[in-house]
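Below is one structure; the comments refer to it alone.
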Amino acid sequence: MKSLFTFLAFVITIQLAQAQFPGPGSDGQGRQRTATENNAVANPAPKGNAKITGYVIDSAATQAVEFANIALFNKATNKIVDGAVADDKGKFTMKGLAAGDYKIQISFVGFINKTIDGIKIKKGDDLDLGVIKLTPQMKMLQEVTVTGQKALIEEKVDRLVFNAEKDLTSKGGDASDVLKKVPMLTVDLDGNVSLRGSSNIRVLINNKPSTIMASSVADALKQIPADMIKTVEVITSPSAKYDAEGSGGIINIITKKTTLEGLTLNVDSGVGNRSSNLGLNGNYRKGKLGVSLSGFGRAFYNPASGTLTQSTLQGGSTITTKQSTDAQDNGLFGQYTLGFDYDLAKNQSLSASARFGVRNFKRDQTQATSIFADEALKSTALRGINSQDLSNSVDLNIDYLHTFKPQQEWSISTQYSQNNLTNNFTSDLLGTSNDILSRQKNINLNTNKEFTVQTDYTTPLTKNQLLEFGVKGIFRQVNSNYEYLAATGNSSIYYNDATRPAGLLNYQQNVAAGYLSYTYTTDNKYTFKVGSRYEYTSITANDAKSTISIPDYSNLVPSINISKTFAGTTLKAAYNRRIQRPGLQQLNPNFNAANPQDIRIGNPNLSPELTDNFELGASTNINKTYINASLFARQTNNSISQIRVLSDTLSGALITTYQNIGKQQNYGANVFANIFITPKWSLNGGVDLLHTYLEGQAQSLSGTSYTTSNSGFVVSGRIMTSLSLTNGWGIQGFGFFRGPQIQLQGSQSGFRMYSLGIKKDLPNQKGSIGIAAENFMTNGFVMATNLNSETFKQTSENKIYNSSVKLTFSYKIGKMSFSSPKKTKSVSNDDVKGDGGGDNSGGGQAAPASGGNSGNRPR
């Protein structure tokens with residue numbers, strides 16, 4: 001702890017030897033000056049020591065009007081002498097004012113301008129205008145045309161924001177296509193997401209968890225249409241207000257919401273050689289009531305192939321397995337949402353929503369296996385495998401918000417979620433003439449139920465101090481039932497397989513939490529955000545035979561965020577502790593033997609892991625270039641890792657399971673830059689460097705222990721360019737690469753991807769048509785994984801056919817008028833380990849040869 005405080009003290013006192021001066025027309029914070037501010041620069045006020053402050057709020061919604069323009073006029077000359085822009089809390093400040101008579105004008109798009117006259121300032125005055133209310137402009141419009149150049153990347157106090165609305169190449173795709181472009185994130189060829197090399201992340205939708213994430217984050221992202229995503233927020237150092245889960249951080253996907261009155265309907269569609277999609281989004285708002293209804297469906301169809309070679313040492317002999325697989329994947333994903341919000345009073349609102357998600361993923365594959373003993377052919381087998389990953393989920397939310405004054409509010413949020421998941425497979429053993437010799441079936445049914453209630457209170461202590469606190473309860477019930485069946489010949493009559501008895505897992509997890517967070521901002525632009533969160537977790541579990549003893553545990557998780565802004569540069573330092581609870585895929589004891597040589601099974605005795613995170617960051621604007629750089633370090637104890645062990649009973653077979661192996665250390669750096677070459681042509685890109693060290697005491701299923709470790713560097717990078725042309729045309733290109741990835745027992749090869757998109761806006765911004773192509777100069781990509789230990793070696797290669805071309809079309813109808821956006825609060829669960837296609841430290845793979853099920857997990 002002494003070294004930690006020394007580290008933080010060093011960061012706080014960092015000062016640049018010489019600051020960069022902002023370029024012409026810039027305010028030094030990366031924002032171009034408004035006309036008001038430029039006039040103030042041209043007609044500067046006489047210097048003095050007086051100050052004016054105030055808050056701008058929406059008179060109808062009683063919430064802050066972000067970035068409102070404030071102009072200070074000399075009353076005698078009626079010329080602008082100073083100006084300011086309100087922050088995201090509606091607060092503005094003008095300093096260094098001389099004594100005199102002034103008037104102030106406040107303006108913002110969608111509001112009626114307001115003038116405050118008769119302002120008299122004396123020398124040294126500190127004038128507080130208090131709360132200033134702007135009235136919404138409710139003029140009906142036949143057409144609304146909005147133009148502007150919003151930055152692709154924005155940095156806020158505690159997060160990095162990617163504005164997905166500017167992404168052309170993802171149009172007609174899903175959320176994983178958008179996340180590929182976000183700095184610090186990596187999305188592999190199977191759609192698995194990692195943040196700074198860690199797949200232990202939480203993915204939220206509009207600050208809420210969703211049961212569509214319960215079984216697989218990669219699959220869940222396919223249910224979210226790219227066209228509905230407004231921004232993606234990357235939170236690398238969550239404050240105490242967030243649940244302590246997610247050692248790598250939090251990804252928050254914000255979807256588009258209407259802020260206009262009237263009735264609108266958007267249609268988005270796309271068709272391609274790998275997938276097709278159709279989405280409808282309707283919104284209605286009148287007075288105090290707003291209603292939205294949306295639906296999205298995405299179908300995909302894709303071939304896959306792979307090979308698997310593994311050698312094991314058993315009884316003094318070398319058993320070699322060689323497999324080849326050809327498969328066809330077909331899937332249908334959908335998400336449907338109904339929501340409403342209602343203003344109970346000018347400072348009270350009620351909102352509710354119901355989200356339904358469906359996933360229908362099927363894989364048909366033919367698998368040929370040859371087994372050798374000391375290079376002599378021992379046996380061959382040909383199997384036809386049909387695996388199904390089917391689910392339906394529902395999220396129900398009711399939220400209440402009471403705003404007392406700017407920054408002071410109280411909220412109550414509730415959520416009920418349920419996910420029903422089916423992970424089945426049928427395996428047919430085929431003869432030489434493809435006749436069915438015998439059949440095997442695994443039925444694996446899972447249900448995940450969750451109820452959450454929380455209350456939060458936020459209040460300013462003074463003008464530069466903010467206090468936040470709240471309590472939360474999460475009640476989870478997860479059930480998994482599985483059984484193995486067998487049939488002779490091609491019979492459809494199955495009987496229980498005596499060699500593999502049925503089983504179950506009943507898992508109850510209750511989490512009680514409370515937090516306290518304090519934010520303090522100094523006059524010289526230091527911001528300190530400190531807090532702590534306490535969580536108590538109780539678990540009861542049992543399988544088919546007995547109760548599983550899992551002791552209750554409690555965690556106190558502190559967080560510290562410090563930032564300093566000056567001359568267009570922001571420095572940040574952060575520390576937080578996170579916990580990572582095991583998910584059901586890691587706990588589920590179902591013995592998945594779709595591939596009898598590569599078996600997968602969970603471990604119900606896993607305990608949570610603890611991670612300490614440190615981060616240093618700096619960002620600056622130099623003329624038209626934005627640069628962000630950061631250093632980070634993570635240490636995880638009791639790390640949950642995917643590991644492969646040699647089967648004690650099946651000849652030449654490996655078993656993939658999860659264990660708390662020991663520690664994992666990660667050190668790395670990120671550099672990202674965005675430049676506007678011209679007002680309509682932007683270029684951005686970055687490089688990520690990560691060093692991983694893994695060490696632990698692994699254990700075979702029979703209880704034999706052995707020490708294993710691995711380490712190495714991983715380098716990745718991305719580049720994207722966007723060009724706006726005349727007559728509504730736009731073009732965008734993107735490229736990404738990642739080098740070989742370090743895993744506990746080996747490594748996985750790197751990969752690359754690229755895309756190109758062209759879009760043409762329809763007249764009056766009513767819609768667009770476009771074409772987007774991905775990896776169009778190749779016919780697939782081979783992903784190789786090499787694993788080894790003292791007792792086995794395994795090499796697998798999966799060919800992923802990811803070259804695609806898609807046509808996109810969108811159109812919107814309806815009449816709208818300006819209305820203020822409604823502020824709401826909602827449940828935000830981010831406390832369970834996401835599968836993400838396998839832990840970074842454990843050598844996860846999605847080989848077609850395995851035919852494995854994805855399982856389920858408690859959230």
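Please treat every number below as a calculation from the coordinates, not as lab data. In this text, all values refer to a predicted model and were calculated from it rather than measured experimentally. Here the Cβ positions follow ideal geometry from the backbone for every residue, glycine too, while neighbour counts run over all protein chains shown.
Quick notes on this structure:
- For the range 757-795, the set of chymotrypsin sites (Phe, Trp or Tyr not before Pro) satisfying both a DSSP loop assignment and a count of at most 15 other C-beta atoms within 10 Å is given as Phe776.
- The range 428-551: Rg to Rh, with Rh as the Kirkwood radius over Cα pairs: 1.36
- The range 469-556: trypsin sites (Lys or Arg not before Pro) in DSSP coil with no more than 12 other Cβ atoms inside 10 Å: Lys525, Lys545
- For peptides 486-495, 515-524, sequence by mean Cβ density within 10 Å, most packed first: 515-524, 486-495
- Filter on Lys47/Lys89; Lys79/Lys564; Lys51/Lys346; Lys51/Lys114; Lys463/Lys564 - keep pairs with C-alpha separation over 22 Å: Lys47/Lys89; Lys79/Lys564; Lys51/Lys346
- Residue order, fewest to most beta carbons within 10 Å, for Ile112, Ile443, Ile643: Ile112, Ile443, Ile643
- Coordinate range along principal axes, alpha carbons of the range 155-818, Å, largest first: 76, 56, 46
- Pair-distance distribution P(r) for the range 565-629, from all Cα-Cα distances in 5 Å bins starting at 0: 4, 13, 13, 10, 9, 8, 8, 8, 8, 8, 6, 3, 0 percent.
- Taking other Cβ atoms within 10 Å as a rough exposure proxy, Val232, Val715 sort from fewest to most as Val715, Val232.
- Using only alpha-carbon positions in the range 375-435, the gyration tensor eigenvalues give semi-axes of 58, 14, 7 Å once each is multiplied by 5 and square-rooted (largest first).
- Cα-projected label distance for Lys463 with Ala544, points at 7 Å along beta-carbon direction, nm: 7.0
- Based on C-alpha pairs under 8 angstrom that are at least 6 apart in sequence, the range 578-623 has a relative contact order of 42 percent.
- Hydrodynamic estimate: the Kirkwood radius of the range 759-816 over Cα pairs, inserted into Stokes-Einstein at 10 °C and 1.306 mPa s, corresponds to D of 102 µm²/s.
- Averaging 1/r across all pairs of distinct Cα atoms in the range 481-563 and inverting the result yields a Kirkwood radius of 17.9 Å.
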